[in-house]
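Encoded as structure tokens, the structure appears first; notes follow it.
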Amino acid sequence: MLATTILVFREVLEAALIISIVCAATRGLVRRGYWVSLGVVLGVGGAVALAFGADRVANSLEGVGQEIMNAAVLMAAVLMLAWHAIWMARHGRAMAEEMKSVGAAVVDGSRPLRALMLVVALAVLREGSEVVLFLFGIGAGGSSAMAMLAGGAIGVLAGATVGVVLYFGLLRIPIRHFFTATNWMVLLLAAGLASQAAHFLIQADWLPALGTRLWDSSWLLSNESLFGQTLRTLVGYDARPAGMQLLFYFTTAILILTGMKTWGRSIAEVSPAPP
Amino acid sequence: MKLILAGCLAIACQGAMAADIHEATLVIQDHRFEPAELTVPAGRKIKLTVVNNDATAEEFESYELNREKIVVGNSRIIVFVGPLEPGRYPFFGEFHMDTAKGSLIAE
């Protein structure tokens, strides 16, 4: 049962961290609760459907369908996060100003919310389908099934708790710096997901590794440790990265930064504050 | 971004065709790997086929190889690993960690 709890916890953790960053980044946007919940519901539905179709996915594209689907899902999330970061570079300061004076959800931001709803759905989909397959196996196992399902439920709760703690921790950031901080987190999250996408494409042999293992820092912080796994999601840490992963990581980060600088500044110049 | 990806994919396809790939197979039976120790050549890319003869799903995972992939019941998957330095690379089945254990030995 403990093993079940740990396994489910690990799968839920990544999605929970992503959801809490999304929740923080959408602070002050009208109806964000609705959009984030919709993302979770769609993700869970998709995870169950994907679990049923898993063998078909795996056998497609000469046996590497799983990797290609994961990479596609990750890159879709990267695009949505990039779009959000650039949108926030234009509107973040105005939002912070407004929230300081009104102190409530005031800004209509249905467009970024839709993009981030998709990010939530894709995160839940990816991690959820593994949990579903695992729990199906247990369900078929018989005798100790109930104890293990209980273990799984505890794992889900524990993962969600970490997400909630991160969210409330982020809320303590002063509102002046809040969106700058969450925007950096979104940027690093996107770069990390791009690196994971590269990892899947290498595993599928669709991309060259450009160095299978550039370094090995697992003696210092391993991928499978709790802290390593948390950093993997938050900033894209990998103890044994391939060269292509670094290329994806920095290309994504630089493109988003350039987008933020380009479009974020132009709006400020076009519409100066009235005297 | 798309252009970069397309460019990378083009390079990748050429690379994959030119590469010298060694093929190897692992079988999962009663939540155990057969063979538990699989010897592969070092310095070559390896196309590893994992056949799952159990009815339930398994997740092939290795920290040292930096790989993880689901294998649905009564099904098979392909995982590309390496080229590897000579050495021992343990792997396991994440859904049955007490029994499903093994190692890839590169030499």
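Annotations for the structure displayed:
- When B:LEU65, B:LEU38, B:LEU48 are checked against the criterion of being outside any strand (DSSP E or B) and more than 8 Å from chain A (Cβ to nearest Cβ), a single residue qualifies: B:LEU65.
- Which numbered condition A:LEU81 fails, given (1) more than 16 Å from the chain's Cα centre (by Cα); (2) assigned to a helix (DSSP H, G or I): (1)
- Enumeration of residues in segment A:43-65 that are facing chain B (nearest Cβ under 8 Å), part of a helix (DSSP H, G or I) and either among the β-branched types (Val, Ile, Thr) or within 14 Å of B:LYS69 (Cα to Cα) (or both): A:ALA54, A:ASP55, A:ALA58, A:ASN59, A:GLY63
Read the figures in this text as sums done on the coordinates, not as results from a lab. Bear in mind the structure is a predicted one, so any value in this text is a computation, not a measurement. Methodologically, a virtual Cβ is constructed for each residue, glycine included, from the backbone with ideal geometry; neighbour enumeration extends over all protein chains shown.
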